[in-house]
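The values are calculated or read from the model by the stated rules, or taken from the named source; none is laboratory data. Just so it is clear, the model here is predicted, and its values are computed rather than measured. Note that we place each Cβ from the backbone using ideal geometry, even for glycine, and neighbour counts take in every protein chain shown. Only protein heavy atoms, including side chains, enter the accessible area calculation; ligands, DNA and RNA are left aside. Shrake-Rupley method; radii C 1.70, N 1.55, O 1.52, S 1.80 Å.
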Amino acid sequence: MSARGAVRSLRRASALALSSVLLLTAAACAGPAEGSRAGPTGVATDGPTPADEWRMVLDENFDGSELDEETWTTCYDWNKDGCTNSGNDELQWYLPEQVSVRDGELTLTAERRETRGSDDETYPWTSGMVSTGRDDWYAEPRRTFTYGYFEAAIRIPPEAGMFPAFWLMPAARFTPPEIDVMEFLDTTQKVSMYVHWRDEEGDEARQRGTYGPVDFPAGFHVFGLLWEPDELVWYVDGVERLRVTDTERIPDVPMEILLNLAVGVPKAPPDSVDEARMYVNWVRVWEKR
């Protein structure tokens, strides 16, 4: 999810990359291996291989009844008392009350409810987001990551006009670079995967991949990203869907994790839509030892 206008590499050998793909693909076809932790789709989530080269550094299962505030905040770094992404002309103002945790799931709820933001603008929608970033501009980020394997089990809403996303933004708060593990733009049937960077002339550039059609709102799906100095690899339900190996395009800075349910990109919801929910079952991150 680009933040344009907002206030705004650990090499793995080819054999290792191939083994990860084979492991994840086999899991998707044969079901989870004994002792593995399976996501809602039945895809085993043992993480990247070989296991002795990786360690899990984030294992968020959204247990309990409250958001873990040591890991997550509910706004972007640059707003107070709620927030939005003005660079995208989004329709929502994010509020903490639109984020809930129950029965092992994180729920982000968008509602057609007019809200006055701390920027003195009025927004026709409210919605929810979480980030491992800061509570305010001057604070320290909760968690940042430079390279690793990232994945989340997410069920997107079926309603039109929603813009759900799972992405990485620099802790410096200026983009690009940016990595979008998944986002849905004007569709619920085809996922988009992006990397954004600045070229040698300083201009913003991006590369996109898509996968679909799939009825994504019908259930949870596991969206994954391998980020290393010499490659970016996107997975959907354990199967590789996009690979980037041009190192000019690969970020090399600490980044925060974000999950959000934006509204109105690229167009507003129809009048018949007044509410939508995005569910997250878990979020996990592995880093090289």
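Among DSSP beta bridges lying fully in the stretch 63-130, give the percent that are antiparallel, nearest 5.
Antiparallel bridges: around 75 percent, rounded to the nearest 5.
Ignoring ligands, DNA and RNA, what accessible area per residue does the stretch 90-130 give at 1.4 Å, in Å²?
45
Against the empirical 2.2 N^0.38 Å scaling, what ratio does the C-alpha Rg of the stretch 144-207 come to?
Working: Rg = 13.5 Å, N = 64, 2.2 N^0.38 = 10.7 Å.
Compared with the compact-globule rule of thumb, the stretch 144-207 sits at 1.26.
Roughly how far apart, in whole Å, are the Cα centres of the stretch 56-90 and the stretch 223-289?
Comparing the Cα centres of the stretch 56-90 and the stretch 223-289, I get a distance of 15 Å.
Along each of its three principal axes, how wide is the spread of alpha-carbon positions in the stretch 191-289, in whole angstrom units, largest first?
Its Cα atoms span 45, 35, 26 Å along the three principal axes.
Rounded to the nearest 0.05, what FRET efficiency do Met56 and Asp103 have when you use their Cβ-Cβ distance and R0 = 22 Å? Provide the component values of the computation, followed by the final result.
Numbers: r = 23 Å, r/R0 = 1.04.
With a Förster radius of 22 Å, E is 0.45.
Could you pull the accessible area for Lys267 with a 1.4 Å probe, rounded to 10 Å²?
120
How high is the FRET efficiency from Thr245 to Ala205, r the C-beta distance, R0 25 Å, rounded to 0.05?
Numbers: r = 16 Å, r/R0 = 0.62.
Here the calculated transfer efficiency is 0.95.
Counting only protein heavy atoms and a 1.4 Å probe, tell me what percentage of the stretch 239-289's accessible area is made up of carbon and sulfur.
C and S atoms contribute 41 percent here.
How large is the convex hull of the C-alpha atoms of the stretch 238-289 per residue, in Å³?
196
Asp89 accessible area, nearest 10 Å², 1.4 Å probe?
The accessible area comes out at roughly 120 Å².
Out of the total accessible area of the stretch 101-229 (probe 1.4 Å, heavy atoms of protein only), what percent is carbon and sulfur?
42
Largest first, what is the accessible-area ranking of Arg143, Arg277 with a 1.4 Å probe?
Arg277, Arg143
Mind jotting down the three principal axis lengths of the stretch 50-172 based on Cα atoms? Whole angstrom, largest first.
Its Cα atoms span 51, 34, 26 Å along the three principal axes.
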